[in-house]
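Chemist: Take a look at this one; I'll ask things after.
The values are calculated or read from the model by the stated rules, or taken from the named source; none is laboratory data. All of these numbers come straight from a predicted model, not from anything done at the bench. Every residue, glycine as well, gets a Cβ built from its backbone with ideal geometry; the counts of neighbours run over all protein chains shown.
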Amino acid sequence: MYPQPLLIDRIACHLPQKAVTNDELARENPSWIMEKAFKSTGVSLRFVAGADETALDLALAACRELFKDPQPLSTIDALIFCTQSPDHIMPSNAFLLHKALGLSEACLAFDYNLSCSGFVYGLAIAQGFLSAGLARNILLVTADTYTKLIHPQDRSARLLFGDGAAATLLTAEKGSLRLLDMACGTSGQHYDKFIIPAGGARTLRTPEAERPITDTSGNVRSLCHINMDGMGILSFVNSKVPDHVRQVLGRNALTVDDVSLFVFHQASRTALDSLTRLLGLPKEKVFSNLEMVGNTVSSSIPIALKEALDANRVKKGDKVVLCGFGVGLSWGTALMEAV
């Protein structure tokens, strides 16, 4: 346990108003076999940001829900914003959110660029600030609008991802979950398994880069859209994540049997079923809200965790594992205890 452990005080979430069902996607794309797709994705419904709705808008709505009583805002001394769909190249969304919330000038603020491992990495960053004495009340915000980065005819990505945001208040004093231990990992050699190849400084956004390309599976995308190697990602998850979870548990003299609830990144039904099998977990220990929310990227863990807490799936003394994995390739596991 950390000398001064971080605690999750509370979580608020926000999803866009527009919900898109599998039936709607099937009417738009008659060649898509939705029954087969549902078996692998596990998603029936996903929420999609409007044309003028950004990750910042979703984040601000989540923060307003979190701070219905504005009094705690004056105590926030760090704002950490995780997104891969920022409003601008510069400045970072954190600065725009800092202004919108009216936070103190003494509050540090910055973005970091991560996706599905982002929430767990955010806990690590926040624990570091707390341990260094730089902050005691930290607002961790995760928000993404991946649907704006997906070609409408890319079946592999469009069926899976939804937009959303979560705002999590982390403190040194009080909360429902205490951080006991965590670890993060990286496999940069596989960076191209999940990538938008064009649009940055390396490869500019040009008419040629925007030209749609159809792959061997019939998915359509350009170099300016998300290019996802689904099987490559699944192979990575299977090879890295189970051992990583066991390592974090093992150095705390625990096994999976000692954990009451696992909240994995809501990647897909295939990924969750695979992790459940490889770790030998009873299905009732693995929380999932994937079917009615979709894969909300950096916000999938906090959205699922809040649902689990609201459903009283965690009681005092329970051990909880949070585990995220995705773009980078990156992964992170956090061991927490209900207090």
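Chemist: Would a scan of region 160-172 turn up a residue that is part of a helix (DSSP H, G or I), in contact with a Lys or Arg (Cβ under 9 Å, 6 or more places away or on another chain) and in contact (Cβ under 8 Å) with a residue 60 or more places away in the chain?
Modeler: no
Chemist: Looking for whichever is within 24 Å of residue 196 (Cβ to Cβ) and either modelled with pLDDT under 95 or among the acidic types (Asp, Glu) (or both) here; the options are 35, 28. Which one fits?
Modeler: That would be 28, the only listed residue that is within 24 Å of residue 196 (Cβ to Cβ) and either modelled with pLDDT under 95 or among the acidic types (Asp, Glu) (or both).
Chemist: Now for a different question. Could you pull out the residue among 187, 176, 131 that is touching a Leu at 6+ places or on another chain (Cβ under 7 Å), closer than 30 Å to residue 104 by Cβ, of a type in the set (S, T, N, Q) and in contact (Cβ under 8 Å) with a residue 24 or more places away in the chain?
Modeler: That would be 176, the only listed residue that is touching a Leu at 6+ places or on another chain (Cβ under 7 Å), closer than 30 Å to residue 104 by Cβ, of a type in the set (S, T, N, Q) and in contact (Cβ under 8 Å) with a residue 24 or more places away in the chain.
Chemist: Additional query: Could you pull out the residue among 314, 320, 297, 293 that is under 19 Å from residue 18 (Cβ atoms) and either surrounded by fewer than 18 Cβ atoms within 10 Å (Cβ to Cβ) or out of contact with any Lys or Arg (no Cβ under 8 Å at 6 or more places or on another chain) (or both)?
Modeler: Selected residue: 297, the only one of 314, 320, 297, 293 that is under 19 Å from residue 18 (Cβ atoms) and either surrounded by fewer than 18 Cβ atoms within 10 Å (Cβ to Cβ) or out of contact with any Lys or Arg (no Cβ under 8 Å at 6 or more places or on another chain) (or both).
Chemist: Given (1) among the hydroxyl-bearing types (Ser, Thr, Tyr); (2) in the same structural domain as residue 113 (by TED's automatic domain parsing); (3) more than 26 Å from residue 289 (Cα to Cα), where does residue 203 come up short, assuming only one miss?
Modeler: (2)
Chemist: Taking residue 312 as meeting all but one of (1) under 28 Å from residue 2 (Cβ atoms); (2) assigned to a helix (DSSP H, G or I), write down the number of the exception.
Modeler: Unmet for residue 312, out of (1) under 28 Å from residue 2 (Cβ atoms); (2) assigned to a helix (DSSP H, G or I): (2).
Chemist: Give the residue that is farthest from the chain's Cα centre (by Cα), with candidates limited to residues of region 176-207 that are of a type outside the set (A, V, I, L, M) and buried (at least 20 other Cβ atoms within 10 Å of the Cβ).
Modeler: 193
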